[in-house]
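As structure tokens, the structure follows; a few thoughts come after it.
The values are calculated or read from the model by the stated rules, or taken from the named source; none is laboratory data. Here the structure is a predicted model, which is why all the values come from computation and not from measurement. Cβ placement follows ideal geometry from the backbone for every residue including glycine, while neighbour counts extend to all protein chains displayed. Note: accessible area is taken over every heavy atom of the protein model, side chains too, but ligands, DNA and RNA are not part of it. Shrake-Rupley method; radii C 1.70, N 1.55, O 1.52, S 1.80 Å.
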Amino acid sequence: MKAMLLKGPNTPFELVQRPDPVAGPGEAVARVITCGSGLTIQHAKAGRRKISFPRIIGHEITGEIAEVGPGVTSLKVGDAVTTYFYLNCGHCRWCLANLEPLCANSGGQVGLECDGGYAEYMKLPAQNFIKLPETLDYQAHPAEIGVITDALATPYKVLSRARIKAGETVAVIGAGGGLGIHQLMMAKWARARVIAVDTRAAKFEACRKAGADEVVDASGGRVAEQLMELTKGEGVDVVVDYVSSTATLEAGAKALGRRGRLVTLGGSGKPFQVSAADMLNKEQDLLGSRYVTRREILETLDIVARGEVFPLVSEIRPLEQAEAVHQLVERGEVIGRAALRIA
Ligand SMILES: [Zn+2]
């Protein structure tokens, strides 16, 4: 099969021929139609996240099952599928409690700790393929359908993690990024008042189209002050921070009102300071939100199948152009998501 291979951190992709994967017991092989190109995997390519090489990256796929291994009864050849990103055990207390991103025996992630979707075929444990609903026209929009599993489902999960209710004010920091723009869509879908916060003026129009009622230009700082002005000094109900630098987290915490919730996703992982007095006096919550459960992916697929929300994929290029696509991702120049077309 044809594959785009990374041989080390911060090196270009190499187009290679590799043996087709063969499904062992409990495994399945999918023919990959499209695969999303997000910042998570660019972090690995750029060496900011440690993985072992050589590696075929990518996990946001639309594909069709080409082979099932011995003992697999949940899938059959021809099934349309996407992937579940985490390689979880399925039997620890966290997996059994439907909190599987917290798996105590995690084997890592698809396309980072095992080979992924930048290839004509990919092999995974059968439980890591999720069947697409029949009402979803994956052949017409494979790139968009493929990114639901992360780019749209992760923001969907934040709605429940942060207990976002209709009429609340939600500020999204890093709103112009691949996850941020989908968070705007999902917050709007939840009938919140949505404020986009970003430093990149080129992304503001896309933020408005995705559902932002207001846009805060963070390029001059003063993020908390601007959010306070927009809420007449009350503060926002929820800040979802996809940048999660020390500065953005501290600004987000300062912008919270009574019963405010600050959610961190990804970012630098650096410490930050908040006011314990504000947390107490205003009963505020600090929350982390990590990927999604399979159930949350199924729910997000259904929302798209019903036509209520649709992922934004603005760059769809052939597999061979992976390097050019990743340069766009690295420079933050993609509106929404980029994806590679493989079949
Ligand atoms: Zn587990």
Among residues of segment 266-307, those that are modelled with pLDDT of 95 or more and part of a loop (DSSP other than H, G, I, E, B), counted
14
With the structure loaded, tell me whether Ile164 is β-branched (Val, Ile, Thr), more than 25 Å from Arg331 (Cβ to Cβ) and open to solvent by 10 Å² or more (accessible area, probe 1.4 Å) or whether it fails that test.
yes
Does Gly220 satisfy the condition of being under 19 Å from Gly252 (Cα atoms) and surrounded by fewer than 24 Cβ atoms within 10 Å (Cβ to Cβ)?
yes
Could you please let me know if Lys157 is surrounded by fewer than 21 Cβ atoms within 10 Å (Cβ to Cβ) and part of a helix (DSSP H, G or I)?
no
Applying the selection to segment 300-315, what residues are under 16 Å from Gly38 (Cβ atoms) and surrounded by fewer than 17 Cβ atoms within 10 Å (Cβ to Cβ)?
Ser314
Suppose we keep only residues that are without any contact (Cβ under 8 Å) to a residue 60 or more places away in the chain and part of a strand (DSSP E or B) within segment 316-343. Which one would you say is surrounded by the fewest Cβ atoms within 10 Å (Cβ to Cβ)?
Pro318
Residue pairs meeting the criteria (Cβ under 9 Å; at least 6 apart or on separate chains; first on the phi < 0 side of the Ramachandran plot and among the aliphatic types (A, V, I, L, M), in segment 72-99; second within 10 Å of the ligand (Cβ to nearest atom) and open to solvent by less than 20 Å² (accessible area, probe 1.4 Å))
Leu87/Cys103
Scan segment 205-218 and report the pairs whose first residue is more than 15 Å from Phe310 (Cα to Cα) and whose second residue is open to solvent by 60 Å² or more (accessible area, probe 1.4 Å), with Cβ atoms within less than 7 Å and a gap of 6+ or a chain change.
Asp213/Arg193; Val215/Arg208; Asp217/Ala201; Ala218/Thr199
Which residue is nearest to the ligand (Cβ to nearest atom), if the candidates are limited to segment 90-146 and must be open to solvent by less than 10 Å² (accessible area, probe 1.4 Å) and in a loop (DSSP other than H, G, I, E, B)?
Leu112
Picked from segment 175-197 (must be open to solvent by 10 Å² or more (accessible area, probe 1.4 Å) and not basic (Lys, Arg)), the residue farthest from Thr231 (Cα to Cα) is Gly178
For Asp150, only one of the following conditions fails: (1) over 22 Å from Leu287 (Cα atoms); (2) in a helix (DSSP H, G or I); (3) touching a strand residue (DSSP E or B) at 6+ places or on another chain (Cβ under 8 Å). What is its number?
(1)
Test for Val274: is it under 30 Å from Thr149 (Cβ atoms) and either open to solvent by 40 Å² or more (accessible area, probe 1.4 Å) or of a type in the set (Val, Ile, Thr) (or both):
no
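Table: residues versus (1) of a type in the set (D, E, K, R); (2) open to solvent by less than 20 Å² (accessible area, probe 1.4 Å).
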| site | (1), (2) |
| --- | --- |
| Lys2 | yes, no |
| Arg18 | yes, no |
| Thr34 | no, yes |
| Ala44 | no, yes |
| Gly63 | no, yes |
| Gly69 | no, yes |
| Lys76 | yes, no |
| Asp79 | yes, yes |
Considering residues that are within 16 Å of the ligand (Cβ to nearest atom) and in a loop (DSSP other than H, G, I, E, B), the number found within segment 61-89 is 5
Leu280, sole failed condition from (1) in contact with a strand residue (DSSP E or B) (Cβ under 9 Å, 6 or more places away or on another chain); (2) over 20 Å from Val158 (Cα atoms):
(1)
